[in-house]
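> Got a structure here, written out as structure tokens. Questions coming.
The values are calculated or read from the model by the stated rules, or taken from the named source; none is laboratory data. These figures come from a predicted structure and were not determined experimentally. Don't worry about glycine lacking a Cβ; one is built from the backbone with ideal geometry, like all the others, and counts go over all protein chains shown. The area values use the complete protein model at the heavy-atom level, side chains included, leaving out ligands, DNA and RNA. Shrake-Rupley method; radii C 1.70, N 1.55, O 1.52, S 1.80 Å.
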Amino acid sequence: MLKQFLNLKLSQKLSPQQIQLMKLIQLPTQAFEQRLKEELVENPALETGRDEEQELYENDEFDNNDDLDDLAGSENIDTDEINIDEYLSNDEIPDYKLQANNYSEDDENREIPFAAATTFHQDLINQLNTFLLTDEEREIAEFLVGSIDDDGYLRRDIQDIVDDMAFTQGVYTDEKAVEKMLHIIQDLDPPGVGAKDLHECLLLQLRHKTPTESIELAINIIQNEFDAFTKKHYEKLMTIFEVSKEQLKKAIEEIEKLNPKPGGAFDSSNRTIEQVVPDFAIRIVDGELELSLNGRNAPTLHISKDYQEMLQTYKDSKDKSSQQKDAVQFIKQKLDSAKWFIDAIRQRQETLYVTMNAIMHFQREYFLDGEETKLKPMILKDVADMVGLDISTVSRVANSKYVETPYGTKLIKEYFSESMKNDQGEDVSTLEIKKILKNIIEEEDKTKPLPDDQLAEILKEKGYPIARRTIAKYRDLLDIPVARMRKKI
């Protein structure tokens, strides 16, 4: 027996346009510029820059007239029903000047030029070119260089390299020949390159140094008592090597000067730098905060004059062929797409600006003097309530955008934190507590570093009753090791 049931279900779905708008909001400045370039390529009805005949309209508010929207969403439209004048009127399609009000066209977008740099691996190859090698030796050496990771380590077994060269390069060799080339590579700069692990890396660097009493002791420590050294068992080391505290201290100082990632040091100073472009700038002018949106987020866009002229030609034509009607349909779709994209960019600008403006005013005390302990507890909901946006929208702005301040350029999400109660019952930011904890550890006696329970006691005395496990959690978040590992001789 068949039965019919009426089931009402309330659901909310985002339109494709809303989804695209959310994606635009999430994009930081550089990614947004790339997205804009793609849209300009895909939609010939959209143009950037000023249109001389339409400069008259540059100070107009954005035209939200929805006359064109009546035609949206239809795949096939009777071209006789299209009001061509709506698409030709300058009043309907002005020069949509999307520059932020606080950004002048005279302002320069200064970009820091970076010199083209030699890569880490290419530098090693260049050094190899100074050696007299046979063709086979050069192939082996270059293969080894290619097997070194960005930190400078060769983490593969020699036998695996021998087999790999035979299968992939057609070069048949043996472990002895490979090890011979590896020793040459390990003599290259930076010292420590080509090591299989940290233990060997430190030894290679120490052996590159001019021999002294401290260097010899450091080599003995790393070569024979590496485990005791890593665990900072200093008393045990003094007993084993029969040295004084001062002698051990000098040897450890030599070890601490070494680089655990020799390739990484070269890479960070020589490779092409990925520049962070701030999306906002906060400045202090006459004691007040001033917020500006990066001008690269505010392009000047307008509808192509050529497309308007195409419609005018169609309108003036007496005999309208099917090909012309197809062309008008195509033009209409491109114009609608251009109109939506321009409107989406305007909404993106407004969303970015009002969100950052709310954050700036919420954290006003911090932005005026840069003291991190003045950062208030702030969660996404606080800002969302202030600006009337969804929490997800605020999250998209905070998670991917940077702001330039008098105290450096920072990711916006770093200003958000949970709250905790101090001994006065007042809400304080966890960022404030982390800052105080970091200061306490920086000022501690490194010969007797403070364990977590003592850190908890000190914070309690300062008015922050926090459990020891919470101290451990914050210490880990700050990337600070346990007391034993902070010990200095």
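> How much length is gained if the chain between Leu478 and Phe131 is pulled fully straight, taking 0.36 nm per residue apart and subtracting their Cα-Cα distance, in nm to one decimal?
Numbers: separation 347, 0.36 × 347 = 124.92 nm, distance 4.59 nm.
So the extension gain works out to 120.3 nm.
> Follow-up question, since we're still on this one. For Lys257, give me every one of the lysines with a C-alpha distance below 25 angstrom, ignoring sequence neighbours fewer than eight places off in its own chain.
Within the straight-line cut-off, Lys257 pairs with Lys196, Lys209, Lys231, Lys232, Lys236, Lys245, Lys249, Lys438, Lys446, Lys448, Lys487, Lys488.
> In whole Å, how far is the Cα centre of region 407-451 from that of region 157-191?
Using only Cα atoms to place each centre, the spacing works out to 49 Å.
> If I take R0 = 25 Å and measure r between the Cβ atoms of Glu175 and Thr210 in this structure, what FRET efficiency does the formula 1/(1 + (r/R0)^6) give, to the nearest 0.05?
Step by step, r from the Cβ atoms, then E = 0.20.
> Using only the heavy atoms of the protein chains and a 1.4 Å probe, how would His208, His199 rank by accessible area, largest first?
His208, His199
> Now, a different point. Report, in whole Å, the centroid distance computed from the Cα atoms of region 346-362 and region 454-478.
Rounded to whole Å, the Cα centres lie 35 Å apart.
> Something else: If I model a spin label at Lys487 and Asp423 as a point 7 Å from the Cα along the Cα→Cβ vector, what separation in nanometres do I get?
3.1 nm
> Would you please state which residues of region 182-217 a label at Arg155 would reach in this model, taking the label point 7 Å out along Cα→Cβ and a backbone N cut-off of under 14 Å?
194-199, by backbone N distance to the label point.
> For the pair Ile391/Ser337, report the inter-label distance in nm, with labels modelled 7 Å from Cα in the Cβ direction.
Result for the modelled spin labels: 3.7 nm.
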